[in-house]
Every structure is written in structure tokens, then in C-alpha cells.
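Just below is one structure, and these are the notes that go with it.
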Amino acid sequence: MKLEFVEFYAGDVRRNSPKPPESFNTNITLTDAFVEKDALSLNFEYTVNYSPGNSGMHLTGKAVFAGKEAKKAHAEWEKKKTIGGKMGEYIVNALYYHSALNAIPLSSMFGLVPPVVLPEVKFSKKKA
């Protein structure tokens with residue numbers, strides 16, 4: 001399957017403490033799924049919980065994935081309310097990617113840490 005588009009239609013950001021948060025947790029929840037021909041439409045929620053201070057962000061959106069696996073993914077959703085395997089990994093990673101990118105400017109506006117974990121580069125010492 002291929003991601004066709006992601007759109008957001010609701011959001012809420014709250015900073016409940018003057019102290020900057022020290023950590024955050026993110027989550028993607030699929031809330032509904034529809035299939036039409038070879039297109040799978042997914043409604044989802046992206047949440048970020050910051051601590052300490054009980055601040056957070058909540059985005060609600062829709063994504064459409066196209067491909068021959070759409071009906072299979074929808075059948076799995078109808079049965080288990082989840083989509084597993086490589087297909088599920090692709091879907092969740094695509095949603096995390098788009099959600100985190102859109103959350104960065106929102107977090108900045110409210111003085112919150114951007115909800116993205118950047119890789120840490122370490123150089124190893126060569127043996128002489």
C-alpha cells in the first residue's frame with residue numbers, strides 16, 4: 001500500500017505548567033477504517049503527553065492508503081480493530097512521521113519540547 005495523503009481536522013495543545021517538560025510519550029490510535037475500491041481510509045488520533053506538568057497535545061486526522069492490500073487491511077481492522085504485520089508497521093510509521101512533523105510548530109508555539117526523538121551520533125575511537 002502507498003500513502004496517498006494525511007489531513008488533520010482537529011487539535012488541542014495545552015501547556016499546564018510554566019516549567020518546561022522533561023520528557024514526553026507519544027501514541028497513535030486508529031479509531032475507524034473504511035475501504036472503497038483499493039483505498040483504505042483511516043481515522044486516527046495522535047497524542048503527546050508531557051511530564052512533569054501534565055501538558056499535552058492531541059491531533060485528530062485522516063489518512064488514505066491505496067493499493068491491492070486495502071481490502072485485506074480493512075478486513076483485519078473489522079475483525080481485530082488493529083492492523084498488524086508489515087502493513088501495520090508501514091501505516092503506523094507513516095502516521096507518526098506526518099503527525100510529528102505537524103506537531104513541531106505547535107509545540108514551539110506553546111513552549112513545549114518538540115515530540116521528536118533525534119538520533120544520537122557517537123564516534124568510536126580507532127585503535128592505534
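A few comments on the model shown:
- For segment 37-45, Karplus couplings with θ = phi - 60° (6.51, -1.76, 1.60), whole Hz, Gly/Pro x: 6, 9, 10, 9, 9, 10, 8, 8, 10
- Loop-resident sites, segment 20-75, for trypsin sites (Lys or Arg not before Pro), counting at most 15 other Cβ within 10 Å (DSSP): 37, 68
- The Cα-based radius of gyration and maximum Cα-Cα distance (Dmax) for segment 2-109 are 15.3, 50 Å.
- The angle between the Cα long axis of helix 70-80 and the main principal axis of the chain comes to about 80°, on a 0 to 90 degree scale.
- Our coupling estimate for segment 27-35, obtained by passing each phi through the Karplus curve with A = 6.51, B = -1.76, C = 1.60 and θ = phi - 60°, is 8, 10, 10, 7, 10, 6, 9, 9, 10 Hz, Gly and Pro reported as x.
- Crossing angle, helix 85-109 versus the chain [Cα axis fit, 0-90 degrees, rounded to tens]: 40
- Estimated FRET transfer efficiency when R0 is 30 angstrom, pair residue 29-residue 122 (beta carbons, to 0.05): 0.35
- The GluC sites (Glu not before Pro) of segment 25-128 that meet both conditions, a loop assignment by DSSP and at most 10 other Cβ atoms within 10 Å of the site Cβ, are 120.
- For the chain, averaging the sequence separation of C-alpha pairs within contact (under 8 Å, six or more residues apart) and dividing by the residue count gives a relative contact order of 28 percent.
- Largest mean-square fluctuation among 42, 112, 101, in a Gaussian network model of the chain whose springs join Cα atoms under 10 Å apart, belongs to 101.
- GNM top mover of 53, 85, 61 - the chain, alpha-carbon springs below 10 Å: 85
Each reported figure results from applying straightforward, stated rules to the coordinates on display, with no laboratory input. Worth saying up front: this structure is predicted, and the values here are computed from it rather than measured. Virtual Cβ from ideal backbone geometry, glycine too; neighbours counted across all protein chains shown.
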